[in-house]
Amino acid sequence: PPPKVEASVIVAQQPSSTVLQPVISTPTPQRVEAPVALKSRLAVLESGDNGLLTLFSSRLKNASIGTLADQHQTAFLSKSSTLTTQAEREKFAKRLQQEFGINLVVFITAPDLVAPGKSVQGEIYDCMGGVLVRTVSARIPQYVGTESSARDSALDTALTELTEQVKHVIALLPWYGKIAALEGERAYINAGKEAGLKVGQIIGVYQSGKVIPGLGFAPGEKITTIEIRGFIGADGAYGIVKDSKLIHANDLVAVE
């Protein structure tokens with residue numbers, strides 16, 4: 001018989017196929033600083049004699065809408081002004097800004113006889129340009145009886161609603177301040193801790209501005225920046241100007 005041949009079977013291993021997955025790099029999210037919401041300096045005046053000024057001012061203060069100006073200052077200034085027309089109120093608003101650095105003024109008006117169904121109205125003026133921004137109103141709800149407590153409760157409801165409307169409008173308006181004085185590279189600003197400025201904050205400096213009919217006040221060209229270094233008094237600040245040769249007293253400042 002033929003010789004027996006033993007055969008060995010060699011199984012060759014195929015190299016494992018490696019599937020290369022694409023490397024997806026996830027970028028590190030950059031921290032975006034939220035814009036600093038600065039508080040405007042507000043003035044409140046009442047047209048008529050319904051005793052609403054103190055009540056409404058208290059609600060604005062509790063709503064943290066802004067920093068309320070001294071009522072004695074605004075009342076003294078109003079005595080020398082006629083405020084019956086819109087044009088007269090716009091002119092008065094500009095005087096408030098020039099003399100007291102006030103950003104916004106709200107005129108509150110109620111009918112001579114506060115009664116259910118009547119409306120309490122507020123006119124909001126931008127003092128920087130002396131322009132009427134918005135008119136808001138709230139209706140006095142129905143109440144039963146003739147007691148003063150029922151009337152006061154209904155009036156309180158209307159003033160609370162009016163405050164919310166004013167708060168909404170003011171939150172949409174830009175904040176502006178002014179350069180009060182210059183000393184070399186140091187600039188003094190008519191806003192500080194009460195307005196919400198922080199040490200190290202960068203704010204822009206703008207040349208004047210103008211009123212755009214139907215829109216409001218618009219600042220001029222941005223010329224340089226200021227870095228806040230410290231504070232003066234209750235609501236003043238000073239900072240270092242990037243290029244002090246470009247700016248002048250009364251130039252506008254605004255958040256970056």
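The table below gives the values:
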quantity	calculated
Across LYS39/LYS118; LYS39/LYS91; LYS61/LYS178; LYS79/LYS167; LYS39/LYS198, pairs whose alpha-carbon gap is larger than 20 Å	LYS39/LYS118; LYS39/LYS91; LYS61/LYS178; LYS79/LYS167
Heavy-atom accessible area order for LEU52, LEU132, largest first, 1.4 Å probe	LEU132, LEU52
Relative contact order, percent, the stretch 120-188 [alpha-carbon distance under 8 Å, six or more residues apart]	25
Positive dipole terminus of the stretch 53-187, leading residue within GLY101, ALA87, ILE140 (C-beta point charges)	ALA87
Distance (nanometres) between label positions extended 7 Å along Cα→Cβ at ARG186 and LYS118	5.4
Check: the stretch 149-246 dipole with +1 on Lys, Arg Cβ and -1 on Asp, Glu Cβ, in debye	360
Dipole moment magnitude, nearest 20 debye, the stretch 47-123 about Cα centre, only Lys, Arg, Asp, Glu C-beta charged	100
Label-to-label distance, nm, for residues given as LYS167 and ALA87 (7 Å Cα→Cβ offset)	3.7
Accessible solvent surface per residue of the stretch 125-256, calculated while the other protein chains remain in place, 1.4 angstrom probe, Å²	52
Whole-Hz ³J(HN,Hα) from phi, Karplus 6.51 cos²θ - 1.76 cosθ + 1.60, for the stretch 44-60, glycine and proline x	10, 10, 10, 9, x, 9, 9, x, 8, 4, 5, 5, 5, 4, 4, 5, 4
Mean-position separation - Cα centroids, the stretch 161-226 and the stretch 102-127, in angstrom	25
For ARG89, solvent-accessible area (1.4 Å; no DNA, RNA or ligand), Å²	30
Surface share of carbon and sulfur [accessible, 1.4 angstrom probe, percent] for the stretch 101-153	47
Backbone HN-Hα couplings from phi across the stretch 94-100 [Karplus 6.51/-1.76/1.60, Hz, Gly and Pro as x]	5, 5, 4, 5, 5, 8, 10
15 Å beta-carbon shell around SER80, net charge (K/R +1, D/E -1)	+3
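The values are calculated or read from the model by the stated rules, or taken from the named source; none is laboratory data. Because the structure is predicted, anything quoted here is derived from the model rather than measured. Backbone-built Cβ (ideal geometry, glycine too); neighbour counts: all protein chains shown. All accessible areas refer to the heavy atoms of the entire protein, side chains included, with ligands and DNA or RNA removed. Shrake-Rupley method; radii C 1.70, N 1.55, O 1.52, S 1.80 Å.
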